[in-house]
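The values are calculated or read from the model by the stated rules, or taken from the named source; none is laboratory data. What you are looking at is a predicted structure, and each value in this text was computed from that prediction instead of being measured. Backbone-built Cβ (ideal geometry, glycine too); neighbour counts: all protein chains shown. Just the protein is used for accessible areas: all its heavy atoms, side chains included, with ligands, DNA and RNA removed. Shrake-Rupley method; radii C 1.70, N 1.55, O 1.52, S 1.80 Å.
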Amino acid sequence: MNLQIRHEETNGVHYLTLAGEVDAYTAPKLKEMLVPLTEVKNTQIVIDLANIDYMDSTGLGIFVGALKSTKKNDGTLKLRGMTERVKRLFEITGLTEVMDIDNEVKGEAR
Amino acid sequence: MNDRDFIIDRYKDLLTTYLNGKNETALYKGQQFSRKLIEQQISPEDVVSHHINVLNELFPDMTEEMKDAFDFLLEVMIGYGFAYREHQSLRTRQRQLESEIEVAASMQQTLLISDVPTVDSLDIGVKSVPAKKMNGDYFNFVKDDKSISVAVADIIGKGIPAALCMSMIKYAMDSLPEQRMQPNLLLENLNRVVEQNVHPNMFITMLYGLYDTDVHKFYYAGAGHEPGFFYKAATDEFEDMFAKGLVLGVSRTTKYKEYEKQLDPGDMIILLSDGVTECRTSKGFIERDEIVALIRENMHKPAQEIVDSVFHELERLQEFELRDDFTLLILKRMV
């Protein structure tokens, strides 16, 4: 399987839209894209995971690394649109407590 | 006649037979012959050169153009031969590296091996199998007078870095004997060690518990580890053993919560790594319910046989190719 990454910048906010799988094979690709962004001071990053149907712990590691790096550089990292399976991974590992996660689907009344 | 001369002679025979009969058997012999060539380390350009010599003998009337064309082919094959020899030397190098990894893996096994303790009141079974040579899962038992402590951990990342990290965990745990009785404090201390020492992308999930063999209580705390199961014999039900807490190595100040379970005879504590529940088959993921069903099917057996049976069934479902390290551990109260 593969990982597609779309990167857009609007009003200084970096939007990454991912599709496919984030696992040991595709994680380096995400890391290469994400890490340089997190190393810039005060960067705002929003990552959309709605089209990620599988993530393993190596993939999760990339987000942990990105979180540490944004914090160090006074930036923000927001994840959104997780599928149930991906959400469960973030919940079990306790990362939902320390990361900015918004799983509300746009337009959905809650 | 040395082997090389023999081979040239043999090549001539094979080629003549083929040219005369053009049958399948001769072709098949030719294929087998190439193995002989590799064994004798005869390079591709040598083979072409033998071919030219044999043709010159068999067809003395070959046109000049044909001869020139063969010389041209010979030049082309020289470059090919270089690449082939380089490939051979890389293969040798790879074999050396593999044997070094083999040594490292067996060292890891020796360093990290944990004896499964024996106590009258508990039946304990463990199965831990790496997907590759080095295991990223870790389990450890420590037996004291009135208690048994157990840790199950999964180091994120695979292979050698994970193995090195695991050694660190083991020695950090060994150096925290006074916290062994308090699962949440042990995790808090371990978390600080990990946070300071691992690469930002790496983290560790762990479930640490202490079984008090006097009062049959299991005290535990979790750091983002895949939940285990608790089997209650009285109601004949399995429940998830949640132990919420952040994975080790993310935030230095993380606090952990302690949980406890009272065990009656026949009750079981089942701990596992995500290699058990995240196992993928051609039909999709294996759900936690299916793991429970497998345990239930086998639970009349001794603990070690239960974990072995579950492993073999999951291995079969994955067509004998583990994608992730597998660790399953069962503590069953006997009396």
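Would you rank B:M334, B:M299 by solvent-accessible area, highest first, keeping every protein chain in place and using a 1.4 Å probe?
So the residues, ranked largest to smallest area, are B:M334, B:M299.
What does the charge add up to near A:D100, with Lys and Arg as +1, Asp and Glu as -1, over the other residues with Cβ less than 12 Å from its Cβ?
+1
Please list, in chain and number order, the residues 5+ apart from B:L246 or on another chain whose amide H is under 5 Å from its amide H, with Hs placed from the backbone.
It is B:G224, by chain and number.
When the Debye formula is applied to the Cα atoms of the stretch A:3-102, each taken as the same point scatterer, what base-10 log of I(q)/I(0) results at q = 0.15 Å⁻¹?
For the stretch A:3-102 at q = 0.15 Å⁻¹, log10 I(q)/I(0) is -0.52.
Can you name the helices of chain B, as whole DSSP H runs, whose Cα span along the helix axis is 30 Å or more and whose Kyte-Doolittle mean is not below -0.5?
Length and hydropathy pass: B:64-112.
The stretch B:302-318 to the stretch A:2-39: how many Å between their Cα centroids?
Cα centres, the stretch B:302-318 to the stretch A:2-39: 39 Å.
Please arrange B:I78, B:I291 by accessible surface area, largest first, computed with a 1.4 Å probe and ligands excluded.
Heavy-atom accessible area, descending, gives B:I78, B:I291.
Would you kindly calculate the mean projected area, averaged across all directions, of the convex hull enclosing the Cα atoms of the stretch B:242-327, in square nanometres?
For the stretch B:242-327, averaging the hull's shadow over all directions gives 7.4 nm².
So, with +1 on the Cβ of K and R and -1 on the Cβ of D and E, and no other charges, what is the size of the charge dipole of the stretch B:43-193 about its Cα centre, to the nearest 20 debye?
Here the stretch B:43-193 has a charge dipole of around 1060 debye.
Which residues' amide hydrogens lie under 5 Å from the amide hydrogen of B:S273, considering only partners 5 or more residues apart or on another chain, with H built in the peptide plane?
B:T327
In vacuum, with every alpha carbon of the stretch B:3-94 counted as one equal point scatterer, what does the Debye formula give for log10 I(q)/I(0) at q = 0.12, 0.16 Å⁻¹? Two decimals, please.
Debye intensities relative to I(0), on a log10 scale: -0.44, -0.76.
Could you tell me which of the pairs B:K143/B:K217; B:K146/B:K217; A:K78/B:K255; A:K41/A:K78 are separated by over 18 angstrom between their Cα atoms in the structure shown?
A:K78/B:K255
Filter the GluC sites (Glu not before Pro) in the stretch B:234-335 down to the DSSP loop ones having no more than 10 other Cβ atoms within 10 Å, then list what survives.
Counting only loop positions with at most 10 other Cβ atoms within 10 Å, the GluC sites (Glu not before Pro) in the stretch B:234-335 are B:E287, B:E319, B:E321.
Working from the pairwise distances between different alpha carbons, so that the mean of 1/r is found and then inverted, what is the protein assembly as shown's Kirkwood radius in Å?
Result for the protein assembly as shown, one decimal place: 26.0 Å.
Any idea what the alpha-carbon Rg over 2.2 N^0.38 Å comes to for the stretch B:186-335?
Dividing the Cα Rg of the stretch B:186-335 by 2.2 N^0.38 Å gives 1.12.
Can you tell me what share of the DSSP beta bridges in the protein assembly as shown is antiparallel? A percent to the nearest 5 is fine.
Percentage antiparallel, nearest 5: 80.
Could you report the accessible area of B:H312 in Å², rounded to 10, computed with a 1.4 Å probe on the protein chains as they sit in the structure?
So the heavy atoms of B:H312 present about 100 Å² to solvent.
What list of ³J(HN,Hα) values in whole Hz, one per residue of the stretch A:49-65 in order, does the Karplus curve 6.51 cos²θ - 1.76 cosθ + 1.60 (θ = phi - 60°) give from phi, with Gly and Pro shown as x?
10, 4, 9, 9, 9, 8, 9, 10, 5, 5, x, 4, x, 5, 5, 5, x
Starting from the Kirkwood radius over alpha-carbon pairs of chain B, derive D by Stokes-Einstein at 10 °C in a medium of 1.306 mPa s and give it in µm² s⁻¹.
So the translational diffusion coefficient is about 65 µm²/s.
To the nearest 100 Å², how much accessible surface do chains A and B hide from each other in total, with a 1.4 Å probe?
1900
Starting from the Kirkwood radius over alpha-carbon pairs of the stretch B:88-146, derive D by Stokes-Einstein at 4 °C in a medium of 1.567 mPa s and give it in µm² s⁻¹.
The calculation lands on 91 µm²/s.
What does the charge count near B:Y211 come to, summing +1 for each Lys or Arg and -1 for each Asp or Glu among other residues with Cβ under 15 Å from its Cβ?
Its environment carries a net charge of -3.
Might you work out the accessible area of B:F33 for me, using a 1.4 Å probe with all protein chains in place, and round it to the nearest 10 Å²?
Here the residue's solvent-accessible area equals roughly 20 Å².
Please list, by residue number, every one of the chymotrypsin sites (Phe, Trp or Tyr not before Pro) in the stretch B:294-335 that is coil in DSSP and has at most 12 other beta-carbon atoms within 10 Å.
Loop-located and lightly packed - B:F320.
Can you give the translational diffusion coefficient of the stretch B:219-280 in µm²/s, computed by Stokes-Einstein from the Kirkwood radius over Cα pairs at 10 °C and 1.306 mPa s?
Reported coefficient: 122 µm²/s.
Restricting attention to the stretch A:37-109, which trypsin sites (Lys or Arg not before Pro) occupy a DSSP loop and are surrounded by at most 13 other Cβ atoms within 10 Å?
Within the stretch A:37-109, the qualifying trypsin sites (Lys or Arg not before Pro) (loop, at most 13 other Cβ atoms within 10 Å) are A:K41, A:K106.
Specify whether the C-alpha gyration tensor of the stretch B:193-237 places it in the rounded, prolate or oblate class, a ≥ b ≥ c being the square roots of the eigenvalues: rounded for a/c under 1.5, otherwise prolate if a/b is larger than b/c and oblate if not.
Oblate.
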